[in-house]
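Asks: One structure, pasted below without further comment.
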Amino acid sequence: MIYYHKHEVRWSDIDANRHLANSTYVEYCAQTRMAFMTKHKMGVAQLNRWGIGPVILHERYSFFKEIYADQEVIVSLEISGSSEDASIYQFTHKFYLPDGTHCATAEATGVWIDMMLRKSTTPPDDILVIMNEFKTENTKLLSREDIKALPFRPENIDANLFDLNR
(Lines give C-alpha, C1' and ligand atoms only; values in the text may rest on other atoms or scores of the structure.)
Protein backbone atom coordinates (compact mmCIF):
# COMPACT_ATOMS: atom_id res chain seq x y z
CA MET A 1 0.00 0.00 0.00
CA ILE A 2 1.20 3.56 -0.69
CA TYR A 3 0.49 6.66 1.43
CA TYR A 4 0.31 10.15 -0.18
CA HIS A 5 0.71 13.57 1.44
CA LYS A 6 0.16 16.93 -0.29
CA HIS A 7 2.48 19.92 0.19
CA GLU A 8 1.97 23.48 -1.03
CA VAL A 9 5.30 24.91 -2.15
CA ARG A 10 5.92 28.14 -0.23
CA TRP A 11 8.26 31.01 -1.06
CA SER A 12 10.54 29.90 1.81
CA ASP A 13 10.85 26.43 0.19
CA ILE A 14 12.62 27.86 -2.88
CA ASP A 15 16.37 28.43 -3.34
CA ALA A 16 18.36 30.99 -5.34
CA ASN A 17 17.66 29.02 -8.54
CA ARG A 18 13.93 29.62 -7.97
CA HIS A 19 13.13 25.92 -7.63
CA LEU A 20 12.54 23.67 -4.62
CA ALA A 21 15.64 23.80 -2.38
CA ASN A 22 17.50 20.57 -1.61
CA SER A 23 16.80 21.05 2.10
CA THR A 24 13.07 21.28 1.35
CA TYR A 25 13.07 17.80 -0.17
CA VAL A 26 14.43 16.51 3.15
CA GLU A 27 11.77 18.47 5.08
CA TYR A 28 8.92 17.26 2.84
CA CYS A 29 10.03 13.64 3.29
CA ALA A 30 10.19 14.06 7.07
CA GLN A 31 6.79 15.77 7.16
CA THR A 32 5.28 13.04 4.98
CA ARG A 33 6.65 10.38 7.35
CA MET A 34 5.27 12.18 10.41
CA ALA A 35 1.87 12.71 8.74
CA PHE A 36 1.80 8.99 7.91
CA MET A 37 2.75 8.05 11.45
CA THR A 38 0.22 10.42 13.02
CA LYS A 39 -2.57 9.14 10.78
CA HIS A 40 -1.74 5.57 11.79
CA LYS A 41 -1.57 6.23 15.54
CA MET A 42 2.23 6.44 15.69
CA GLY A 43 2.45 10.22 16.14
CA VAL A 44 4.53 12.23 18.60
CA ALA A 45 2.19 11.54 21.56
CA GLN A 46 2.30 7.77 20.99
CA LEU A 47 6.07 7.79 20.39
CA ASN A 48 6.54 9.67 23.67
CA ARG A 49 4.34 7.18 25.48
CA TRP A 50 6.38 4.28 24.02
CA GLY A 51 9.64 6.12 24.72
CA ILE A 52 10.95 5.60 21.20
CA GLY A 53 11.74 7.72 18.17
CA PRO A 54 12.60 7.19 14.49
CA VAL A 55 16.14 8.08 13.40
CA ILE A 56 17.25 8.37 9.78
CA LEU A 57 20.77 7.01 9.25
CA HIS A 58 21.07 7.46 5.49
CA GLU A 59 19.06 9.38 2.91
CA ARG A 60 19.59 9.75 -0.83
CA TYR A 61 17.83 11.52 -3.70
CA SER A 62 17.46 11.53 -7.48
CA PHE A 63 15.94 14.58 -9.18
CA PHE A 64 14.13 14.46 -12.53
CA LYS A 65 12.06 17.65 -12.92
CA GLU A 66 12.10 21.01 -11.17
CA ILE A 67 9.38 22.01 -8.72
CA TYR A 68 8.56 25.72 -8.41
CA ALA A 69 6.93 28.13 -5.95
CA ASP A 70 3.14 28.07 -5.71
CA GLN A 71 2.90 24.52 -7.08
CA GLU A 72 1.41 21.62 -5.21
CA VAL A 73 3.53 18.51 -4.81
CA ILE A 74 2.35 15.10 -3.65
CA VAL A 75 4.92 12.99 -1.79
CA SER A 76 4.39 9.25 -1.53
CA LEU A 77 5.58 6.91 1.18
CA GLU A 78 6.06 3.19 0.86
CA ILE A 79 7.92 0.69 3.00
CA SER A 80 10.72 -0.42 0.70
CA GLY A 81 12.66 -2.31 3.35
CA SER A 82 12.21 -3.63 6.87
CA SER A 83 13.82 -6.07 9.26
CA GLU A 84 11.57 -8.85 10.50
CA ASP A 85 10.93 -7.00 13.77
CA ALA A 86 10.75 -3.57 12.03
CA SER A 87 13.67 -2.26 14.11
CA ILE A 88 15.34 -1.28 10.81
CA TYR A 89 13.25 0.35 8.11
CA GLN A 90 13.56 1.95 4.70
CA PHE A 91 11.06 4.35 3.15
CA THR A 92 10.88 5.31 -0.51
CA HIS A 93 9.35 8.70 -1.27
CA LYS A 94 8.35 9.87 -4.73
CA PHE A 95 7.57 13.51 -5.53
CA TYR A 96 4.72 14.09 -8.02
CA LEU A 97 2.97 17.08 -9.49
CA PRO A 98 -0.85 16.86 -9.37
CA ASP A 99 -0.89 15.70 -13.03
CA GLY A 100 1.19 12.64 -12.06
CA THR A 101 4.55 13.96 -13.31
CA HIS A 102 7.32 12.23 -11.31
CA CYS A 103 9.83 14.90 -10.19
CA ALA A 104 12.12 13.12 -7.70
CA THR A 105 12.67 9.99 -5.64
CA ALA A 106 14.15 9.69 -2.16
CA GLU A 107 15.15 6.72 -0.07
CA ALA A 108 15.57 6.93 3.71
CA THR A 109 16.99 4.16 5.89
CA GLY A 110 16.61 4.30 9.65
CA VAL A 111 16.15 2.63 13.00
CA TRP A 112 14.01 3.13 16.09
CA ILE A 113 15.81 4.33 19.21
CA ASP A 114 14.98 4.12 22.89
CA MET A 115 14.77 7.80 23.86
CA MET A 116 16.24 7.24 27.35
CA LEU A 117 19.07 4.85 26.45
CA ARG A 118 19.76 6.50 23.04
CA LYS A 119 20.28 3.03 21.55
CA SER A 120 18.45 1.24 18.75
CA THR A 121 15.45 -0.79 19.82
CA THR A 122 12.57 -2.89 18.55
CA PRO A 123 9.32 -0.94 18.15
CA PRO A 124 6.05 -2.09 19.74
CA ASP A 125 3.79 -4.48 17.86
CA ASP A 126 1.44 -1.59 16.93
CA ILE A 127 4.19 -0.20 14.67
CA LEU A 128 5.04 -3.62 13.24
CA VAL A 129 1.38 -4.11 12.20
CA ILE A 130 1.28 -0.78 10.33
CA MET A 131 4.70 -1.29 8.74
CA ASN A 132 3.60 -4.70 7.48
CA GLU A 133 0.39 -3.19 6.05
CA PHE A 134 2.41 -0.78 3.89
CA LYS A 135 4.94 -3.29 2.58
CA THR A 136 4.81 -4.14 -1.10
CA GLU A 137 5.88 -7.23 -3.02
CA ASN A 138 9.20 -5.41 -3.58
CA THR A 139 9.92 -4.72 0.11
CA LYS A 140 13.43 -5.91 0.98
CA LEU A 141 14.23 -7.82 4.15
CA LEU A 142 16.83 -5.74 6.01
CA SER A 143 19.34 -6.76 8.68
CA ARG A 144 22.16 -5.23 10.75
CA GLU A 145 24.44 -6.09 7.82
CA ASP A 146 22.54 -3.53 5.72
CA ILE A 147 23.28 -0.86 8.33
CA LYS A 148 26.97 -1.84 8.35
CA ALA A 149 26.99 -1.62 4.54
CA LEU A 150 25.86 2.02 4.45
CA PRO A 151 28.37 4.00 2.36
CA PHE A 152 29.86 6.29 5.02
CA ARG A 153 31.69 5.55 8.28
CA PRO A 154 32.82 8.01 10.96
CA GLU A 155 36.35 9.35 10.46
CA ASN A 156 37.44 11.48 13.41
CA ILE A 157 40.31 13.90 12.92
CA ASP A 158 42.61 15.97 15.12
CA ALA A 159 40.70 19.15 15.95
CA ASN A 160 43.97 21.10 15.79
CA LEU A 161 43.72 20.74 12.01
CA PHE A 162 40.84 23.23 11.95
CA ASP A 163 42.35 26.50 10.82
CA LEU A 164 39.28 28.69 10.44
CA ASN A 165 41.31 31.85 9.81
CA ARG A 166 42.55 30.80 6.37
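Asks: With respect to LYS6, determine if the residue is surrounded by fewer than 19 Cβ atoms within 10 Å (Cβ to Cβ), over 29 Å from PRO151 (Cα atoms) and modelled with pLDDT under 95.
Replies: Considered against the rule, which asks whether it is surrounded by fewer than 19 Cβ atoms within 10 Å (Cβ to Cβ), over 29 Å from PRO151 (Cα atoms) and modelled with pLDDT under 95, LYS6 comes out as no.
Asks: In segment 1-50, how many residues are within 17 Å of ILE113 (Cα to Cα) and part of a helix (DSSP H, G or I)?
Replies: Going through segment 1-50 one residue at a time, the tally reaches 11.
Asks: Also: Output the residues belonging to segment 31-70 that are surrounded by 12 or more Cβ atoms within 10 Å (Cβ to Cβ) and of a type in the set (Asp, Glu).
Replies: Listed by number, the residues that qualify are GLU59, GLU66.
Asks: For segment 72-89, what are the residues that are closer than 17 Å to ASN22 by Cα and either under 11 Å from the mean Cα position of the chain (by Cα) or surrounded by 16 or more Cβ atoms within 10 Å (Cβ to Cβ) (or both)?
Replies: Result: VAL73, ILE74, VAL75.
Asks: Starting from segment 57-71, take each residue that is without any contact (Cβ under 8 Å) to a residue 60 or more places away in the chain and of a type in the set (Asp, Glu) and list its partners that are surrounded by fewer than 15 Cβ atoms within 10 Å (Cβ to Cβ) and not in a strand (DSSP E or B), counting only C-beta distances under 9 angstrom and pairs at least six apart or across chains.
Replies: Cβ pairs passing all conditions: GLU66/ASN17; GLU66/ARG18.
Asks: Among the listed residues ASP99, ASP146, identify the single one that is out of contact with any His (no Cβ under 6 Å at 6 or more places or on another chain) and loosely packed, with under 14 Cβ neighbours inside 10 Å.
Replies: ASP99
Asks: Which residues, taken from segment 83-93, are touching an Asp or Glu at 6+ places or on another chain (Cβ under 8 Å) and either in a loop (DSSP other than H, G, I, E, B) or among the hydroxyl-bearing types (Ser, Thr, Tyr) (or both)?
Replies: Within segment 83-93, just THR92 meets the criteria.
The values are calculated or read from the model by the stated rules, or taken from the named source; none is laboratory data. This structure is a prediction, so every number in the text was calculated from the model and none was measured. Glycine gets a Cβ as well: all are built from the backbone with ideal geometry, and neighbour counts include every protein chain shown.
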